[in-house]
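Heads up, the thing below is written out as structure tokens.
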Amino acid sequence: MGSRDSRAMLVLRRIGRNPVALLGLIIIIVYIGVALFAPILAPHDPIDQNLSKSFAPLSAENPLGCDEFGRDILSRIIFGARTSLIIQVFSVLIALVTGVFLGAVGGYFGGWLDEGIMRVMDILLAFPGILLALAIVAVLGPDLKNLIIAIGIYSIPQFARITRGSVITVKQSEYVTAARAIGESHFVTIMRYVLPNAISPIIIQTTLRMATVLLTAAGLGFLGLGVQPPQPEWGTMLSTARMYLRSAPLVAVFPGVSIMIVVLGFNFLGDGLQDALNPRLKD
Amino acid sequence: MGETGCGKSVTAHSVMGLIPVPPGRIVGGTVTFGKHGNLLDLKEEEMQKLRGKEMSMIFQDPMSSLNPVFTAGFQVEEAIVTHDRHISKKDLLSRVVGLFKKVNISDPEKSVHSYPHMLSGGMKQRVMIAMGLSCGPKLIIADEPTTALDVSIQAQILTLLKKLQKEEGSSVLLISHDLGVIAAMAKNVAVMYAGSIVEYAPVSDLFQQPMHPYTKGLLGAIPRLDRDIERLAVIPGTLPNLFDLPEGCKFRERCSEALEICASVRPRLIEIEPGHEVACHACARDR
Amino acid sequence: MHVLEIDNLVKHFPRGGLFGGEKNPVRAVDGVSLALGRGETLGIVGESGSGKSTVGLLSLGLIPKTSGTILFMGKPVDEFEGKELILFRRKAQIVFQNPFASLNPRMIIRDIIGRVLEIHDIVPKSQIAGKVGALLQEVGLRGDQASRYPHEFSGGQRQRIAVARALASGPEFIILDEPTSALDVSVQAQILNLLGDLQQARGHAYIFISHNLAVIRHVSHRVAVMYLGKLMETAPKEAIFSRPVHPYTRALLASVPKPFVTDEDIESKVIAGDIPSPTNPPSGCRFHTRCSFCIGVCEEAEPAWREVAPKHFVACHRAEEWI
């Protein structure tokens, strides 16, 4: 590995040698592709109702059949991927930026600042996650933006903790002391010496968190506090399909399977990254 | 004796059959050990019986070679029980206490119940030595036994090893990069470079009359405690890449006495003076 | 004026008890006084727990002291702030023991050294690359190696890079904290020669911290011997190696295995016992538990630090007997 780029290449090569991780990566690439190109891929408009086709069976025109309002399920799954990806990316981004900032500051400076930050994180962690998100959505009102904020906030402590632990280890390295000895400011020391060396567990956490966040969003959708119909979202779809579980079980199966596959994909990749980023592994 | 990457530890591990396979593989040669013949022909179970009983090993880092969750005494007991299943509990304890006394561990009756973290580095190394001695081995391999220790503690451990060797009659294969430790301890010295022995001689010959240019270079490169040196001699260059060793002599590119033949023919160990073997074309020519 | 003057320096590392109760602190440095002259090399030698590395970090203000004074060019180091602190960082540098840990693995060499030039505005931005190349050449590397990462270099080469980083700002003194302990003998010789050449060319001072007495003899003008946070003896190099006074210094010198075959047996020179813990150092003279010349007073009273010969200071009750 000669440069930053080839370090990424090294990690990719390691992922390539691990079939499970590779499968995870492929699933995620397909998922992102579907989300990005949803308007091209979807055969129908996902919110276009056609009551005459209510619960229509699988057919060439509607490969996965139709739901209670006669909407094409395949198209709804495809556009649902888009909604899920938006929720995942933005909520994890909120949690990542805030959590890494708080964790890095606490871990680097230590003392009362660290104490204060970590106690607040402990309080956030003491709530069952879904309840916390529920409470936030209940206060702000259920829509996509608020859902993202709620899930983002409840994911902050995980990032803060992981970052803090990693930063505390890296902080003790001689090159960090050396950075101070040449006169680097605290800000530069954190940004150029500490964080780049503390990043591996954060990357792994980000990947695994994408899976959890998808599940939480689906759960909130299922409870009716997520994305509101008719906008397609997998959790909400699952929730409405539940009422017709006896008469039309397939309507519930497809969003459920979609959730499962994508969650597995992120978890597979996360586990693979854990091995691939292990500095003790040599090629 | 040799520097990092010369193969001194790998040699010792190979003798003990401790090279992990794969990736390691012994591709040739023999290791003859007394009446047991060639150790490389023995099965793993047979080697297991020899290890700890007939031959034992003392490692460099006493901090990590003892298991932190068991007492020091228990770990020595284990070493004994492995090779003597029928020993009684009482005999076992008294034997361990005896061993602790022998290696000068302070307050042996109490120390057998101490966990490794309660002992100092020097004491831990004594426990390792007690473990190595537990079955009265014929061969003790000591791999940099004092490198992790302070000067004053190193002197104690070296003294102890010498005393025990006299009492027990074991042979010691001492691996070290420290020329001082070698001079104080060894009878015969093999100097290794890039995987081969380049010089083999009785200790006094080696230090008074080093022949191989590498040995001479090493002796010139160390700062001396007994006199001032204006400038240390330097061996130019670096160790050759072990994946891609040059043809001929491995030391040629760093050698000031290299001849033409050194580039093409790898020198073999030749006895140049009684008991003094050197692998060097230039030395062979001068005699 | 001395470059660095340390007076009665104390550093205790507190160890919090589980339920708030204070345990005994680690008395890493316990009343050390030293001075470093311009262009001089002061060797500090000691075993583990002697506090020698802590003295190094304290001198640079990298960890806070407990008490005492550290003066750089007559000004207290721990009061430096803002511009003054930056100027001090420029004038005081350090090279660590482990070249595998002291260079940021995510930075190329040009940045590792270039940052020093940038922070202290040594050369205009456009000339940084050129200056880095010149520094690399000065320490025996090639300028074109600047775009590589630390892991592409051997231990000896990395230590050269660490030396180049320390040189970049043109310091008055450099702390060398066991700079060759992690290296092979042949590489050690190269680094020691390099450090000597650089001092001759640039005239900076060194504090050379090591446990290796032979290395200390080779590099130092003056030597300080530490034991459990205290100074035992300081003297010019010739004096300490030919006429050592303190029993600890003498025993330490005797217990180093010499790289030649001698008639003397190492056995007769061994210092008995373990090094006591710096959390609970012995009363009186700290060395009395292991000293073969210990008398009653050694257990009770701390020996006075006094000049027994010109520039030769010793802390031993019986020092005068051995002059």
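Every number here is computed from the coordinates shown, using simple stated rules; none is lab data. Predicted, not measured: the structure shown is a model, and the values here were computed from it. Positions of Cβ are backbone-derived with ideal geometry, glycine not excepted, and every protein chain shown enters the neighbour counts.
For C:Ile44, what is the net charge nearby, where nearby means another residue's Cβ is under 11 Å from its Cβ and Lys, Arg count +1, Asp, Glu -1? Show your work: numbers first, answer last.
Working: positive: C:Lys52, C:Arg222; negative: C:Asp177, C:Glu178.
The answer is 0.
Just checking the output field for B:225-233: average partner chain Cβ neighbours within 10 Å of each residue's Cβ?
Details: counts 13, 9, 2, 5, 5, 2, 6, 10, 3.
What the average comes to for B:225-233 is 6.
For chain B, what value does the Rg/Rh ratio take when both radii are computed over Cα atoms and Rh is the Kirkwood radius, given to two decimals? Kindly include the intermediate steps, with their values, before the conclusion.
Working: Rg = 21.1 Å, Rh = 20.9 Å.
In chain B, Rg relative to Rh is 1.01.
In segment C:200-224, whose amide N lies under 12 Å from the spot 7 Å out along Cα-to-Cβ of C:Lys311? List them in ranges.
Flagged as within label range: C:221-223.
Hey, what number do you get for chain A at 222 nm if only DSSP H runs of n ≥ 4 count, each worth -39500 (n - 2.57), divided across all residues, to the nearest 500?
Details: 11 runs with 201 residues, N = 283.
Calculated at 222 nm, the ellipticity per residue is -24000 deg cm²/dmol.
Are there cysteines in chain B with no second cysteine's Cβ under 4.7 Å away, and if so, which?
If one checks each Cβ against the other cysteines of chain B, B:Cys6, B:Cys135, B:Cys255 turn up with nothing under 4.7 Å.
Just for the Cα atoms in chain C, what are the lengths along the principal axes, largest first, rounded to whole Å?
68, 54, 43
Can you give the angle from 0 to 90° between the axis of helix A:144-171 and the longest principal axis of chain A, with both taken from C-alpha atoms, to the nearest 10?
For A:144-171 against chain A, the angle is about 30 degrees.
Please list, in order along segment C:122-128, the HN-Hα scalar couplings obtained from phi with the Karplus expression 6.51 cos²θ - 1.76 cosθ + 1.60 (θ = phi - 60°), rounded to whole Hz, x for Gly and Pro.
For segment C:122-128, the Karplus-derived couplings read 6, 9, x, 3, 5, 9, 4 Hz, x marking Gly and Pro.
Sort A:Val139, A:Val251, B:Val234, A:Val97 by Cβ crowding within 10 Å, fewest neighbours at the top.
Going from least to most buried by this count: A:Val139, A:Val97, B:Val234, A:Val251.
Can you sort C:Cys298, C:Cys316 by how many other beta carbons sit within 10 Å, fewest first?
C:Cys298, C:Cys316
If each DSSP helix of 4+ residues adds -39,500 (n - 2.57) and the sum is divided by the residues in chain C, what number results at 222 nm, nearest 500 deg cm²/dmol? Mind showing how you got there, number by number?
On the way: 10 runs with 98 residues, N = 323.
Calculated at 222 nm, the ellipticity per residue is -9000 deg cm²/dmol.
Applying a 10 Å radius around every beta-carbon, put A:78-87, B:52-61 in order of their mean neighbour count, most first. Each step should come with its number before you reach the end.
Working: A:78-87: 23.7, B:52-61: 20.7.
So the peptides A:78-87, B:52-61, ranked by packing, come out A:78-87, B:52-61.
Net charge near A:Gly24: determine it from the other residues with C-beta under 15 Å of the C-beta of A:Gly24, scoring Lys and Arg +1 and Asp and Glu -1.
Numbers: positive: A:Arg14, A:Arg17, A:Arg209; negative: A:Asp271, A:Asp275.
Neighbour charge sum, excluding A:Gly24 itself: +1.
So for C:His211, B:His117, fewest C-beta neighbours within 10 Å to most, what's the order?
On the way: C:His211 18, B:His117 9.
Going from sparsest to densest Cβ surroundings: B:His117, C:His211.
Report the residues of segment A:223-266 in range of a label on A:Asp48: point 7 Å along Cα→C-beta, backbone N strictly under 16 Å from it.
From segment A:223-266, the list is A:232.
DSSP beta bridges in chain C, what fraction antiparallel, as a percent rounded to 5? Before the final figure, lay out the partial values.
Working: 28 of 46 bridges.
Given both bridge residues lie in chain C, the antiparallel proportion sits at roughly 60 percent.
Cα convex hull of segment A:153-193: mean projected area in nm², to one decimal?
Details: hull surface 12.3 nm².
Mean shadow area of the hull around the Cα atoms is 3.1 nm².
Give the average, rounded to an integer, of partner chain Cβ atoms located within 10 angstrom of each Cβ in A:182-191. Numbers along the way, then the final one.
Details: counts 16, 13, 5, 2, 0, 0, 3, 0, 0, 0.
For peptide A:182-191, the averaged partner shielding equals 4.
Mind giving me the FRET efficiency for C:Leu87 and C:Asp197? R0 is 25 Å, r the Cβ-Cβ distance, nearest 0.05 is fine. Display every interim value, and only then the final one.
Values: r = 27 Å, r/R0 = 1.07.
Working from the Cβ atoms, E equals 0.40.
Please compute, for peptide B:213-223, the average count of beta-carbon atoms on other protein chains lying within 10 Å of each residue's beta-carbon. Show your work: numbers first, answer last.
Details: counts 0, 1, 0, 0, 3, 5, 3, 2, 9, 9, 14.
Other-chain Cβ atoms within 10 Å of each residue's Cβ, averaged: 4.
Where Lys and Arg each count +1 and Asp and Glu each count -1, what net charge lies around A:Asp45 among other residues with Cβ under 15 Å from its Cβ? Write out the running numbers ahead of the final one.
Details: positive: A:Lys53, A:Arg71, A:Arg76, A:Arg82; negative: A:Asp48, A:Glu61, A:Asp67, A:Asp72.
Residues close to A:Asp45 contribute a combined charge of 0.
Hey, what do the phi angles of segment B:203-209 turn into as Karplus ³J(HN,Hα) couplings, whole Hz, using 6.51/-1.76/1.60 and θ = phi - 60°, x for Gly and Pro?
With coefficients 6.51, -1.76 and 1.60, one gets 4, 5, 4, 4, 7, 8, 9 Hz.
Considering amide H positions built from the backbone, and no H for Pro or chain starts, which residues 5 or more places from C:Phe208, or on another chain, come under 5 Å of its amide H?
Those qualifying (amide H under 5 Å, at least 5 residues apart or on another chain) are C:Leu42, C:Gly43, C:Ile44, C:Leu176.
Near the amide H of C:Gly31, under 5 Å away, which other amide H atoms are found, from residues 5 or more places off or on another chain, if H is placed in the peptide plane?
Correct list: C:Leu9, C:Val10, C:Lys11.
I need the shape label for segment B:197-286. Rule: rounded when a/c is under 1.5, else prolate if a/b > b/c, else oblate, with a, b, c from the alpha carbon gyration tensor. Before the final figure, lay out the partial values.
On the way: a/c = 2.14, a/b = 1.25, b/c = 1.71.
It is oblate, given that a/c is not under 1.5 and a/b is not larger than b/c.
At 7 Å along the Cα-to-beta-carbon direction for both B:Asp41 and A:Phe109, put a label point, then send me their distance in nm to one decimal.
7.3 nm
If amide hydrogens are placed 1.01 Å from N in the peptide plane, which non-local residues have theirs closer than 5 Å to the one on B:Glu54?
Counting only residues 5 or more places away or on other chains, the set is empty.
Just for segment B:8-186, what percent of DSSP beta bridges are antiparallel, to the closest 5? Show your work: numbers first, answer last.
Numbers: 1 of 11 bridges.
Around 10 percent of the beta bridges assigned by DSSP in segment B:8-186 are antiparallel ones.
Among the trypsin sites (Lys or Arg not before Pro) within segment A:185-283, which fall in a DSSP loop and have no more than 12 other Cβ atoms within 10 Å of their own Cβ?
On the way: sites: A:Arg192, A:Arg209, A:Arg242, A:Arg246, A:Arg280, A:Lys282; in loops: A:Arg246, A:Arg280, A:Lys282.
Qualifying residues, ordered by number: A:Arg246, A:Arg280, A:Lys282.
May I ask you to derive the relative contact order of chain A, considering only C-alpha pairs under 8 Å and at least 6 residues apart, and to give it as an integer percent? Don't skip to the answer; put the middle values down first.
Numbers: 412 pairs, mean separation 68.6, N = 283.
Relative contact order comes out at 24 percent.
Work out which helices of chain B, taken as complete DSSP H runs, extend at least 30 Å along their axis over the Cα atoms and score a mean Kyte-Doolittle of 1.0 or more, then list them.
Working: long enough: none.
None pass (Cα extent of 30 Å or more, hydropathy at least 1.0).
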